Amino acid sequence: MDSLTQIVLGAACGEAVLGKKIGNKALLFGAIGGTIPDLDVFVGSWLYGNEIDAMLFHRGFMHSILFSVLAAFVFGWLVFKLHNSGRRKGTTTQRNWISLFFWALFTHPILDCFTPYGTQLFTPISNYRVAFNNIAVVDPIYTLPFLICIIVLMFFNRKSKGRQLWLKLGLGISSVYMFFTFGNKFYMDSVFKETLKDKGVNYKRYYAQPTIFNNVLWYGVAETDTTYHVGYYSLLDKESVFSDFKALPKVRALNPEKYKRVKSLAWFSNDYYSIYKIGDNDYQYNDLRYPVTDKENSTSSVFRFRLYEENGEINMKPFERNEDNISNALKALWERLKGK
(Lines give C-alpha, C1' and ligand atoms only; values in the text may rest on other atoms or scores of the structure.)
Protein backbone atom coordinates (compact mmCIF):
# COMPACT_ATOMS: atom_id res chain seq x y z
CA MET A 1 0.00 0.00 0.00
CA ASP A 2 1.04 3.66 0.11
CA SER A 3 4.02 4.82 2.16
CA LEU A 4 1.96 6.48 4.91
CA THR A 5 0.01 3.28 5.56
CA GLN A 6 3.20 1.24 5.74
CA ILE A 7 4.73 3.75 8.17
CA VAL A 8 1.66 3.52 10.41
CA LEU A 9 1.64 -0.29 10.37
CA GLY A 10 5.40 -0.42 10.99
CA ALA A 11 5.04 2.00 13.91
CA ALA A 12 2.30 -0.20 15.38
CA CYS A 13 4.61 -3.22 15.14
CA GLY A 14 7.36 -1.29 16.88
CA GLU A 15 4.99 -0.28 19.65
CA ALA A 16 3.73 -3.84 20.11
CA VAL A 17 7.26 -5.22 20.48
CA LEU A 18 9.20 -2.51 22.34
CA GLY A 19 6.75 0.22 23.30
CA LYS A 20 6.77 -0.64 27.00
CA LYS A 21 10.56 -0.48 27.13
CA ILE A 22 11.49 2.52 24.97
CA GLY A 23 8.21 4.39 24.43
CA ASN A 24 7.86 6.52 21.31
CA LYS A 25 11.26 5.45 20.00
CA ALA A 26 9.66 2.09 19.24
CA LEU A 27 7.19 3.88 16.96
CA LEU A 28 10.05 5.60 15.16
CA PHE A 29 12.11 2.46 14.58
CA GLY A 30 9.02 0.49 13.59
CA ALA A 31 8.14 3.17 11.05
CA ILE A 32 11.69 2.97 9.66
CA GLY A 33 11.41 -0.80 9.38
CA GLY A 34 8.06 -0.48 7.65
CA THR A 35 9.59 1.85 5.08
CA ILE A 36 12.68 -0.20 4.19
CA PRO A 37 11.06 -2.60 1.63
CA ASP A 38 9.87 0.33 -0.51
CA LEU A 39 13.45 1.54 -0.85
CA ASP A 40 13.66 -1.05 -3.63
CA VAL A 41 12.41 1.75 -5.90
CA PHE A 42 15.78 3.47 -5.44
CA VAL A 43 17.81 0.25 -5.27
CA GLY A 44 16.34 -0.87 -8.59
CA SER A 45 17.39 2.40 -10.21
CA TRP A 46 20.95 1.89 -8.92
CA LEU A 47 21.14 -1.75 -10.03
CA TYR A 48 19.65 -1.50 -13.51
CA GLY A 49 20.24 0.75 -16.48
CA ASN A 50 16.97 -0.33 -18.07
CA GLU A 51 13.84 1.34 -16.69
CA ILE A 52 11.68 -1.76 -17.18
CA ASP A 53 14.09 -3.89 -15.14
CA ALA A 54 14.19 -1.22 -12.44
CA MET A 55 10.39 -1.04 -12.23
CA LEU A 56 10.01 -4.81 -12.08
CA PHE A 57 12.49 -4.94 -9.18
CA HIS A 58 9.89 -3.12 -7.05
CA ARG A 59 7.94 -5.50 -4.84
CA GLY A 60 10.43 -8.21 -5.67
CA PHE A 61 13.18 -9.55 -3.41
CA MET A 62 12.98 -6.67 -0.91
CA HIS A 63 9.31 -7.53 -0.42
CA SER A 64 9.92 -11.24 0.12
CA ILE A 65 9.72 -13.38 3.25
CA LEU A 66 13.42 -14.20 2.92
CA PHE A 67 14.40 -10.52 2.89
CA SER A 68 12.24 -9.87 5.95
CA VAL A 69 14.13 -12.54 7.88
CA LEU A 70 17.63 -11.61 6.71
CA ALA A 71 17.13 -7.85 7.07
CA ALA A 72 15.59 -8.28 10.53
CA PHE A 73 18.80 -9.90 11.78
CA VAL A 74 21.00 -7.25 10.13
CA PHE A 75 19.06 -4.18 11.27
CA GLY A 76 18.23 -5.73 14.65
CA TRP A 77 21.89 -6.43 15.37
CA LEU A 78 23.03 -3.02 14.12
CA VAL A 79 20.46 -0.94 16.03
CA PHE A 80 20.98 -2.97 19.20
CA LYS A 81 24.74 -2.26 19.06
CA LEU A 82 24.06 1.45 18.62
CA HIS A 83 21.30 1.61 21.24
CA ASN A 84 22.81 -0.57 23.96
CA SER A 85 25.22 1.94 25.46
CA GLY A 86 25.40 4.46 28.27
CA ARG A 87 22.23 4.79 30.34
CA ARG A 88 20.35 2.62 27.81
CA LYS A 89 22.64 -0.38 28.34
CA GLY A 90 20.66 -3.46 29.33
CA THR A 91 17.23 -1.89 28.76
CA THR A 92 16.67 -3.92 25.60
CA THR A 93 18.01 -7.12 24.07
CA GLN A 94 19.22 -7.95 20.59
CA ARG A 95 16.28 -10.34 20.32
CA ASN A 96 13.89 -7.42 20.99
CA TRP A 97 15.32 -5.45 18.09
CA ILE A 98 15.36 -8.41 15.70
CA SER A 99 11.72 -9.05 16.57
CA LEU A 100 10.79 -5.38 16.04
CA PHE A 101 12.40 -5.22 12.61
CA PHE A 102 11.05 -8.61 11.55
CA TRP A 103 7.43 -7.66 12.22
CA ALA A 104 7.82 -4.20 10.70
CA LEU A 105 9.47 -5.68 7.59
CA PHE A 106 7.26 -8.76 7.27
CA THR A 107 3.90 -7.01 7.65
CA HIS A 108 4.84 -4.60 4.84
CA PRO A 109 4.74 -7.17 1.99
CA ILE A 110 1.84 -9.02 3.62
CA LEU A 111 -0.23 -5.82 3.48
CA ASP A 112 0.86 -5.22 -0.12
CA CYS A 113 -0.47 -8.68 -1.05
CA PHE A 114 -4.01 -7.40 -0.56
CA THR A 115 -3.63 -4.79 -3.32
CA PRO A 116 -3.97 -5.28 -7.10
CA TYR A 117 -0.27 -4.47 -7.63
CA GLY A 118 0.71 -7.67 -5.87
CA THR A 119 3.93 -8.84 -4.21
CA GLN A 120 6.58 -11.44 -5.05
CA LEU A 121 6.38 -12.84 -1.56
CA PHE A 122 8.30 -16.06 -2.31
CA THR A 123 11.29 -14.62 -4.20
CA PRO A 124 13.81 -16.09 -5.03
CA ILE A 125 12.05 -19.48 -4.96
CA SER A 126 9.19 -18.23 -7.13
CA ASN A 127 8.30 -15.00 -8.97
CA TYR A 128 4.57 -15.57 -8.38
CA ARG A 129 2.87 -12.28 -7.52
CA VAL A 130 0.47 -12.65 -4.60
CA ALA A 131 -2.43 -10.24 -5.19
CA PHE A 132 -5.80 -10.68 -3.48
CA ASN A 133 -7.22 -7.50 -5.10
CA ASN A 134 -9.46 -6.66 -2.16
CA ILE A 135 -8.22 -3.18 -1.27
CA ALA A 136 -6.87 -0.22 -3.22
CA VAL A 137 -3.22 0.81 -2.98
CA VAL A 138 -4.46 3.95 -1.20
CA ASP A 139 -7.53 3.63 1.04
CA PRO A 140 -8.08 6.38 3.64
CA ILE A 141 -10.71 4.37 5.50
CA TYR A 142 -8.06 1.80 6.36
CA THR A 143 -5.29 4.28 7.08
CA LEU A 144 -6.76 7.34 8.82
CA PRO A 145 -8.39 5.69 11.89
CA PHE A 146 -5.22 3.65 12.36
CA LEU A 147 -3.08 6.80 12.11
CA ILE A 148 -5.23 8.70 14.60
CA CYS A 149 -4.94 5.87 17.13
CA ILE A 150 -1.14 5.81 16.77
CA ILE A 151 -0.93 9.57 17.23
CA VAL A 152 -3.13 9.48 20.34
CA LEU A 153 -1.15 6.70 22.02
CA MET A 154 2.04 8.76 21.69
CA PHE A 155 0.77 11.07 24.45
CA PHE A 156 0.46 8.27 27.01
CA ASN A 157 3.22 7.00 29.27
CA ARG A 158 4.99 4.00 27.75
CA LYS A 159 3.67 1.69 30.52
CA SER A 160 0.15 3.10 30.52
CA LYS A 161 -2.80 0.79 29.83
CA GLY A 162 -4.27 3.62 27.78
CA ARG A 163 -1.37 3.32 25.36
CA GLN A 164 -2.05 -0.39 24.90
CA LEU A 165 -5.75 0.30 24.47
CA TRP A 166 -5.20 2.75 21.60
CA LEU A 167 -2.78 0.36 19.91
CA LYS A 168 -5.32 -2.46 20.07
CA LEU A 169 -8.03 -0.08 18.85
CA GLY A 170 -5.97 0.96 15.82
CA LEU A 171 -5.09 -2.63 14.94
CA GLY A 172 -8.66 -3.75 15.56
CA ILE A 173 -10.35 -1.12 13.39
CA SER A 174 -7.96 -1.64 10.49
CA SER A 175 -8.29 -5.44 10.71
CA VAL A 176 -12.10 -5.33 10.80
CA TYR A 177 -12.12 -3.09 7.75
CA MET A 178 -9.72 -5.44 5.95
CA PHE A 179 -12.09 -8.36 6.63
CA PHE A 180 -14.92 -6.25 5.19
CA THR A 181 -12.95 -5.68 1.98
CA PHE A 182 -12.50 -9.44 1.58
CA GLY A 183 -16.24 -9.96 1.89
CA ASN A 184 -16.80 -7.13 -0.54
CA LYS A 185 -14.36 -8.71 -2.98
CA PHE A 186 -16.30 -11.99 -3.00
CA TYR A 187 -19.53 -10.08 -3.53
CA MET A 188 -18.11 -7.97 -6.37
CA ASP A 189 -16.70 -11.01 -8.14
CA SER A 190 -20.10 -12.69 -8.04
CA VAL A 191 -21.88 -9.56 -9.34
CA PHE A 192 -19.36 -9.13 -12.15
CA LYS A 193 -19.57 -12.78 -13.15
CA GLU A 194 -23.38 -12.65 -13.21
CA THR A 195 -23.32 -9.42 -15.23
CA LEU A 196 -21.03 -10.96 -17.84
CA LYS A 197 -23.34 -13.96 -18.07
CA ASP A 198 -26.39 -11.71 -18.57
CA LYS A 199 -24.57 -9.70 -21.24
CA GLY A 200 -23.59 -12.85 -23.08
CA VAL A 201 -19.87 -12.12 -22.87
CA ASN A 202 -18.01 -15.34 -23.63
CA TYR A 203 -14.99 -14.48 -21.48
CA LYS A 204 -11.83 -16.50 -20.88
CA ARG A 205 -11.21 -14.98 -17.46
CA TYR A 206 -12.18 -11.93 -15.44
CA TYR A 207 -10.78 -9.65 -12.80
CA ALA A 208 -12.32 -7.10 -10.38
CA GLN A 209 -10.67 -4.61 -8.05
CA PRO A 210 -11.60 -1.48 -6.07
CA THR A 211 -10.88 1.90 -7.61
CA ILE A 212 -8.42 4.25 -5.90
CA PHE A 213 -9.18 5.76 -2.45
CA ASN A 214 -12.22 3.57 -1.69
CA ASN A 215 -13.82 0.14 -1.52
CA VAL A 216 -17.24 1.23 -2.79
CA LEU A 217 -16.66 1.65 -6.53
CA TRP A 218 -15.16 -1.36 -8.30
CA TYR A 219 -13.65 -1.83 -11.74
CA GLY A 220 -13.96 -5.10 -13.64
CA VAL A 221 -12.13 -6.49 -16.68
CA ALA A 222 -13.17 -9.54 -18.69
CA GLU A 223 -10.92 -10.97 -21.39
CA THR A 224 -12.06 -12.60 -24.64
CA ASP A 225 -9.91 -13.73 -27.57
CA THR A 226 -9.84 -10.24 -29.13
CA THR A 227 -11.20 -7.79 -26.55
CA TYR A 228 -11.19 -6.61 -22.95
CA HIS A 229 -14.62 -5.65 -21.60
CA VAL A 230 -14.37 -3.19 -18.71
CA GLY A 231 -17.14 -1.86 -16.45
CA TYR A 232 -17.96 -0.37 -13.05
CA TYR A 233 -20.22 -1.12 -10.13
CA SER A 234 -20.81 0.92 -6.97
CA LEU A 235 -22.33 -0.36 -3.75
CA LEU A 236 -24.57 2.70 -4.01
CA ASP A 237 -26.00 1.66 -7.40
CA LYS A 238 -29.72 0.92 -7.43
CA GLU A 239 -29.15 -2.38 -9.23
CA SER A 240 -26.56 -5.01 -8.43
CA VAL A 241 -24.96 -5.02 -11.85
CA PHE A 242 -21.77 -3.73 -13.47
CA SER A 243 -22.44 -1.02 -16.05
CA ASP A 244 -20.69 1.64 -18.17
CA PHE A 245 -19.14 -1.16 -20.17
CA LYS A 246 -16.50 -0.36 -22.74
CA ALA A 247 -14.80 -2.75 -25.17
CA LEU A 248 -11.05 -2.26 -25.42
CA PRO A 249 -9.32 -4.02 -28.32
CA LYS A 250 -6.55 -6.44 -27.44
CA VAL A 251 -3.63 -4.88 -29.29
CA ARG A 252 -0.14 -6.42 -29.41
CA ALA A 253 2.03 -4.11 -31.50
CA LEU A 254 5.10 -5.76 -29.94
CA ASN A 255 5.49 -9.52 -29.71
CA PRO A 256 6.34 -10.62 -26.14
CA GLU A 257 8.00 -13.74 -27.52
CA LYS A 258 10.47 -11.56 -29.45
CA TYR A 259 11.26 -9.09 -26.67
CA LYS A 260 11.97 -10.52 -23.23
CA ARG A 261 11.17 -7.25 -21.45
CA VAL A 262 7.78 -7.02 -23.15
CA LYS A 263 7.18 -10.56 -21.90
CA SER A 264 8.18 -9.40 -18.42
CA LEU A 265 5.75 -6.47 -18.62
CA ALA A 266 3.00 -8.86 -19.72
CA TRP A 267 3.77 -11.03 -16.67
CA PHE A 268 3.74 -7.91 -14.48
CA SER A 269 0.23 -7.02 -15.77
CA ASN A 270 -1.00 -10.61 -15.47
CA ASP A 271 -1.53 -10.43 -19.27
CA TYR A 272 -4.16 -7.68 -18.96
CA TYR A 273 -2.48 -5.23 -21.33
CA SER A 274 -2.37 -3.69 -24.79
CA ILE A 275 0.48 -2.18 -26.79
CA TYR A 276 -0.22 0.49 -29.42
CA LYS A 277 2.23 1.77 -32.02
CA ILE A 278 2.33 5.58 -31.76
CA GLY A 279 5.44 6.45 -33.80
CA ASP A 280 8.26 5.06 -35.90
CA ASN A 281 10.02 3.69 -32.84
CA ASP A 282 7.49 4.46 -30.12
CA TYR A 283 4.81 2.33 -28.51
CA GLN A 284 2.29 2.86 -25.74
CA TYR A 285 1.92 0.14 -23.13
CA ASN A 286 -1.40 0.12 -21.24
CA ASP A 287 -1.77 -1.91 -18.06
CA LEU A 288 -5.49 -2.71 -18.18
CA ARG A 289 -5.69 -3.84 -14.58
CA TYR A 290 -6.35 -0.15 -13.96
CA PRO A 291 -9.10 2.09 -15.42
CA VAL A 292 -8.76 4.49 -18.34
CA THR A 293 -8.70 8.20 -17.48
CA ASP A 294 -10.91 9.15 -20.41
CA LYS A 295 -13.84 6.86 -21.15
CA GLU A 296 -13.90 8.13 -24.75
CA ASN A 297 -10.26 7.20 -25.29
CA SER A 298 -9.41 3.50 -25.02
CA THR A 299 -5.67 4.25 -24.88
CA SER A 300 -5.84 6.57 -21.86
CA SER A 301 -4.96 4.01 -19.23
CA VAL A 302 -4.02 5.29 -15.77
CA PHE A 303 -1.00 2.99 -15.78
CA ARG A 304 0.79 3.45 -19.10
CA PHE A 305 4.32 3.84 -20.45
CA ARG A 306 6.06 4.84 -23.65
CA LEU A 307 8.16 1.97 -24.96
CA TYR A 308 10.98 2.39 -27.46
CA GLU A 309 13.62 0.17 -29.01
CA GLU A 310 17.24 0.97 -28.22
CA ASN A 311 20.14 -1.14 -29.49
CA GLY A 312 17.81 -4.07 -30.05
CA GLU A 313 16.40 -3.85 -26.53
CA ILE A 314 13.10 -2.41 -25.28
CA ASN A 315 13.22 0.40 -22.75
CA MET A 316 10.53 2.71 -21.42
CA LYS A 317 9.76 6.22 -20.29
CA PRO A 318 6.73 7.33 -18.29
CA PHE A 319 4.19 9.41 -20.16
CA GLU A 320 4.09 13.04 -19.14
CA ARG A 321 1.48 13.48 -16.47
CA ASN A 322 -1.55 15.51 -17.48
CA GLU A 323 -2.91 16.93 -14.24
CA ASP A 324 -6.18 17.95 -15.90
CA ASN A 325 -6.78 14.40 -17.13
CA ILE A 326 -6.03 12.93 -13.71
CA SER A 327 -8.25 15.50 -11.98
CA ASN A 328 -11.08 14.85 -14.42
CA ALA A 329 -10.70 11.10 -14.00
CA LEU A 330 -10.88 11.38 -10.21
CA LYS A 331 -13.97 13.58 -10.47
CA ALA A 332 -15.59 11.07 -12.81
CA LEU A 333 -14.80 8.22 -10.39
CA TRP A 334 -16.26 10.23 -7.50
CA GLU A 335 -19.46 10.89 -9.41
CA ARG A 336 -19.70 7.22 -10.40
CA LEU A 337 -19.03 6.13 -6.83
CA LYS A 338 -22.19 7.96 -5.67
CA GLY A 339 -24.26 5.46 -7.63
CA LYS A 340 -26.64 5.50 -10.54
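Observations, loosely collected:
- Residues of the range 95-136 satisfying the condition of being β-branched (Val, Ile, Thr) and open to solvent by 40 Å² or more (accessible area, probe 1.4 Å): 110, 125
- Filter pass, residue 150 being modelled with pLDDT under 95 and open to solvent by less than 80 Å² (accessible area, probe 1.4 Å): no
- Single unsatisfied condition, residue 3 versus (1) open to solvent by 10 Å² or more (accessible area, probe 1.4 Å); (2) among the small types (Gly, Ala, Ser); (3) over 14 Å from the mean Cα position of the chain (by Cα): (3)
- Inside the range 73-128, residues that are at positive phi and in a helix (DSSP H, G or I) make up a count of 1.
- Residue under evaluation residue 235, criteria (1) more than 21 Å from the chain's Cα centre (by Cα); (2) within 21 Å of residue 193 (Cα to Cα); (3) open to solvent by less than 30 Å² (accessible area, probe 1.4 Å), criterion not met: (3)
- Subset of the range 173-228 (residues that are closer than 22 Å to residue 334 by Cβ, within 19 Å of the chain's Cα centre (by Cα) and aromatic (Phe, Trp, Tyr)): 177, 180, 213, 218, 219
- Of the residues making up the range 181-199, just one is of a type in the set (Phe, Trp, Tyr) and either on the phi > 0 side of the Ramachandran plot or in contact with a strand residue (DSSP E or B) (Cβ under 7 Å, 6 or more places away or on another chain) (or both), namely 192.
- Among the residues of the range 164-180, those that are buried (at least 16 other Cβ atoms within 10 Å of the Cβ), over 15 Å from residue 136 (Cα atoms) and either in contact with a strand residue (DSSP E or B) (Cβ under 6 Å, 6 or more places away or on another chain) or not polar (S, T, N, Q) (or both) comprise 166, 167, 169, 170, 171, 173.
- Qualifying residue in the range 212-227 (condition: over 25 Å from residue 19 (Cα atoms), in a strand (DSSP E or B) and without any contact (Cβ under 8 Å) to a residue 24 or more places away in the chain): yes
- Remark: pairs (first residue in the range 130-155, over 25 Å from residue 63 (Cα atoms); second residue of a type outside the set (A, V, I, L, M) and open to solvent by 50 Å² or more (accessible area, probe 1.4 Å); Cβ separation under 6 Å; 6+ apart in sequence or on different chains) = 149/166; 152/166; 153/166; 154/24.
- For the range 192-209, filtered to residues that are surrounded by 15 or more Cβ atoms within 10 Å (Cβ to Cβ) and closer than 16 Å to residue 272 by Cα, the residue that is modelled with the lowest pLDDT is 207.
- Residues in the range 304-318 that are at pLDDT below 90 and surrounded by 15 or more Cβ atoms within 10 Å (Cβ to Cβ) were compared, and the one that is farthest from residue 137 (Cα to Cα) is 305.
- Residue within the range 153-168 that is in contact with a Phe, Trp or Tyr (Cβ under 9 Å, 6 or more places away or on another chain) and within 23 Å of residue 266 (Cβ to Cβ) present: no
Condition check ((1) on the phi < 0 side of the Ramachandran plot; (2) modelled with pLDDT of 95 or more; (3) not in a loop (DSSP other than H, G, I, E, B); (4) not small (Gly, Ala, Ser)) across all residues:
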| position | (1), (2), (3), (4) |
| --- | --- |
| 233 | yes, yes, yes, yes |
| 236 | yes, yes, no, yes |
| 240 | yes, yes, no, no |
| 248 | yes, no, yes, yes |
| 258 | yes, no, no, yes |
| 280 | yes, no, no, yes |
| 289 | yes, no, no, yes |
| 296 | yes, no, no, yes |
| 299 | yes, no, no, yes |
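- If you go through the range 50-66 and keep only what is assigned to a helix (DSSP H, G or I), under 23 Å from residue 100 (Cβ atoms) and open to solvent by less than 30 Å² (accessible area, probe 1.4 Å), you end up with 62, 63.
The values are calculated or read from the model by the stated rules, or taken from the named source; none is laboratory data. What you are looking at is a predicted structure, and each value in this text was computed from that prediction instead of being measured. Quick reminder, even Gly has a Cβ in these numbers, built from the backbone with ideal geometry, and neighbours come from all protein chains shown. For accessibility, only protein heavy atoms count, side chains too; no ligands or nucleic acids. Shrake-Rupley method; radii C 1.70, N 1.55, O 1.52, S 1.80 Å.
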